[in-house]
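Enquirer: Input: one structure, supplied below.
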Amino acid sequence: MQLAIDTSTDTASLALVQDGKVLAESTWRSEQNHSVELLPKLAQLLNETEAGIQAISSVIVAKGPGSFNGLRVGLSTAKGLAFSLGIPIIGISSLELEAYRHAETGLPICPILNAGRGEIATAMYQKKDNKWCQLMPEHITTVEALCSEISGKTIFCGEYVPLIADQLKKKLKQKAIIPAAELRRASLLVELAKGRLEAGDYDHPSTLQPLYLRRPAITQRRHR
């Protein structure tokens, strides 16, 4: 049974998946309460499936970019389970998770998360010839700079998109396709990790790190 964890943003999601079937899944508005809500939610899902924690055979976690606090909680929980249970762990880009729900459209997909300071975290994905591809790596940019790189119809998704939808439509007009907002689904992490699980291409718990893309706003003061 796979455990999927996504604490990238203020919306958190957990899922338990067995042989491609979602046994239990929960998505909730956590705000900044990941540290006190994540493990009770996991216990609740395990209770719903009448499974013990020992039934978890691998853990797949959204590794960022996203909330510094949220990612720390999700990664530390996933790594702790991997260490204690002796099970594989795989980290998946949070932007890739946002994009994957729209894979079957065949269009380029641009997930967007708020990076603060007037900037956004984004990337670009597309399913071509039945193969899921990354067209543009994860990076920090601005809405204006991103729009200058869009050449054709593109799907924009992610929690931050509704807040910048007018800006996207004004600059890109018909090129900007903005679907209705959907709940985050951690279970999609398992689909994204399927190939790596089958190939035994795991991350190591001691070296898997959050993908922040930038340093925290509060850092240790440098010595002069």
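Enquirer: Can you give me the ranges of the helices (runs of 4 or more DSSP H) entirely in region 121-224 with at least 3 residues that are assigned by TED's automatic domain parsing to the domain that holds N69?
Expert: 187-199
Enquirer: Which numbered condition in (1) in contact (Cβ under 8 Å) with a residue 12 or more places away in the chain; (2) under 18 Å from the mean Cα position of the chain (by Cα) is the only one that E144 fails?
Expert: Here E144 meets the rest and fails (2).
Enquirer: Still on this structure, I have one more. Would you check which residues across region 1-45 are within 22 Å of G91 (Cβ to Cβ), part of a helix (DSSP H, G or I) and among the hydrophobic types (A, V, I, L, M, F, W, C) and list them?
Expert: L38, L39, L42, L45
Enquirer: Does L189 qualify as being modelled with pLDDT of 85 or more, out of contact with any helix residue (DSSP H, G or I) (no Cβ under 8 Å at 6 or more places or on another chain) and either of a type in the set (D, E, K, R) or closer than 20 Å to E98 by Cα (or both)?
Expert: Considered against the rule, which asks whether it is modelled with pLDDT of 85 or more, out of contact with any helix residue (DSSP H, G or I) (no Cβ under 8 Å at 6 or more places or on another chain) and either of a type in the set (D, E, K, R) or closer than 20 Å to E98 by Cα (or both), L189 comes out as no.
Enquirer: Considering region 67-107 alone, what residues qualify as being more than 15 Å from D6 (Cβ to Cβ) and without any contact (Cβ under 8 Å) to a residue 12 or more places away in the chain?
Expert: Of everything in region 67-107, those that are more than 15 Å from D6 (Cβ to Cβ) and without any contact (Cβ under 8 Å) to a residue 12 or more places away in the chain turn out to be G80, S84, G86.
Enquirer: State the number of residues belonging to region 76-120 that are out of contact with any Cys (no Cβ under 7 Å at 6 or more places or on another chain), part of a helix (DSSP H, G or I) and of a type in the set (G, A, S).
Expert: Within region 76-120, residues that are out of contact with any Cys (no Cβ under 7 Å at 6 or more places or on another chain), part of a helix (DSSP H, G or I) and of a type in the set (G, A, S) number 7.
Enquirer: Going residue by residue through region 41-64, is there one that turns out to be in contact with a strand residue (DSSP E or B) (Cβ under 7 Å, 6 or more places away or on another chain), within 30 Å of F156 (Cβ to Cβ), in the same structural domain as D6 (by TED's automatic domain parsing) and of a type in the set (S, T, N, Q)?
Expert: Scanning region 41-64 turns up no residue that is in contact with a strand residue (DSSP E or B) (Cβ under 7 Å, 6 or more places away or on another chain), within 30 Å of F156 (Cβ to Cβ), in the same structural domain as D6 (by TED's automatic domain parsing) and of a type in the set (S, T, N, Q).
The values are calculated or read from the model by the stated rules, or taken from the named source; none is laboratory data. Please read all numbers here as calculations on a predicted model, not as lab measurements. Note that each Cβ is placed from the backbone with ideal geometry, even for glycine, and that neighbours are counted across all protein chains shown.
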